[in-house]
1. Give the distance, in whole Å, between the Cα centre of region 186-208 and the Cα centre of region 112-130.
2. Based on other C-beta atoms within 10 Å, arrange Val95, Val167 from fewest to most.
3. Just to confirm my numbers, what's the Cα centroid distance between region 209-244 and region 248-306 in Å?
4. Given N residues in region 84-221, what is its alpha carbon radius of gyration divided by 2.2 N^0.38 Å?
5. If packing is taken as the average count of other Cβ atoms within 10 Å, what order do 221-229, 286-294 fall into, highest mean first?
6. Where does region 143-241 land on Rg(C-alpha)/(2.2 N^0.38 Å)?
7. Could you check the spin-label model distance between Ser273 and Asp84? Points 7 Å from the Cα along Cα→Cβ, value in nm.
8. According to a simple spin-label model (label point 7 Å from Cα along Cα-to-Cβ), what is the distance in nm between His24 and Leu73?
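All of the numbers you see were taken from the coordinates with simple rules; none came from a lab. These numbers were taken from a predicted model, which means no experiment stands behind them. Glycine gets a Cβ as well: all are built from the backbone with ideal geometry, and neighbour counts include every protein chain shown.
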Amino acid sequence: MNLSAENGSWSNAIAMTFEEQPIHRQLFASQVLAKAGVRGDGALLSAFAKVERERFFGPPPWFYSDFANYRELASGDPVVLYQDMLVALDRTRHVNNGVPSLHASALNEIGVGVGEQVVHVGAGTGYFTAILAELVGPAGRVTAIEFDSTLAEQARANLASYPQVEVIQGDGAQFPKTEVNVIYVNFALDHPASAWVENLAPRGRLLFPLGIPAIDDRGTQLPFTRIGGFLLIVREDIGFSAQFLQPVSFVWAEGQEPPPTGRHEGLEAAFRSRTASAVRQLRWHQPPEPGEWYSEDEWGLSKKEL
């Protein structure tokens, strides 16, 4: 089969898909991408219009986060879910379906293509996994990893109509097992997991929230970040380029080993320096260099151009 012809047919199908969706989903997709500053990404626009958000939240009542408290939506009409807001999946653990415009901006930066192999780490109930499945099309593959067994079961049911998607319940820091084009991580971690970096294909892209967890007044770790940023890593011919896209707050990784002494203090100092925008590359299993934005023996983030 001619691949370019196949991709052309898929592009035409994408354009038709957007026009066929209900008007409230067309408006939602248009508003989300506009807020994210995304122009000319027809595939992403179509994906946000096509995927039904209500399938991934269960029956009402639904709760949204105003970033201080959870508030109940005073309607059971699914149309009210088509807003740019955090919708709760598990309020007790601060697990939410992320703000759509944040994810639209991130996915546009990654540039997920038709036919690519993608791993979605921290898939929740599968909403953004479905967006990824729309982007890769029937020729691609999306592997969704979710640590929480209940959420993984819900995601498996919600994504059953996508033959190109596999849902795995497990530790997202241990996946993928083979090379992939894109790794999209939706929980925060204080280091790049080895499996993520080492299994990037040439020109592969990894996007994850790097940060540190919040701590309450009693010194107890909370299930979300205190400070962090969306870090994009690309496997280049001579190493790994890296850049922070924007500050973010995400749910904190579950099931991880305690960090090495001084890591969280060092990362906090690096973020507080307000120089994250200067990061240009990931040092991986090479000796540390002077002047790195953040540095450990096995990895670091450098301000030097690759």
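1. About 14 Å separates the Cα centre of region 186-208 from the one of region 112-130.
2. Val95, Val167
3. Result: 8 Å between the Cα centres.
4. Output field value: 1.03.
5. Sorting 221-229, 286-294 by mean packing, highest first, produces 221-229, 286-294.
6. Relative to the 2.2 N^0.38 Å estimate, region 143-241 comes out at 1.22.
7. If labels sit at Ser273 and Asp84, their model points lie 3.2 nm apart.
8. If labels sit at Leu73 and His24, their model points lie 0.8 nm apart.
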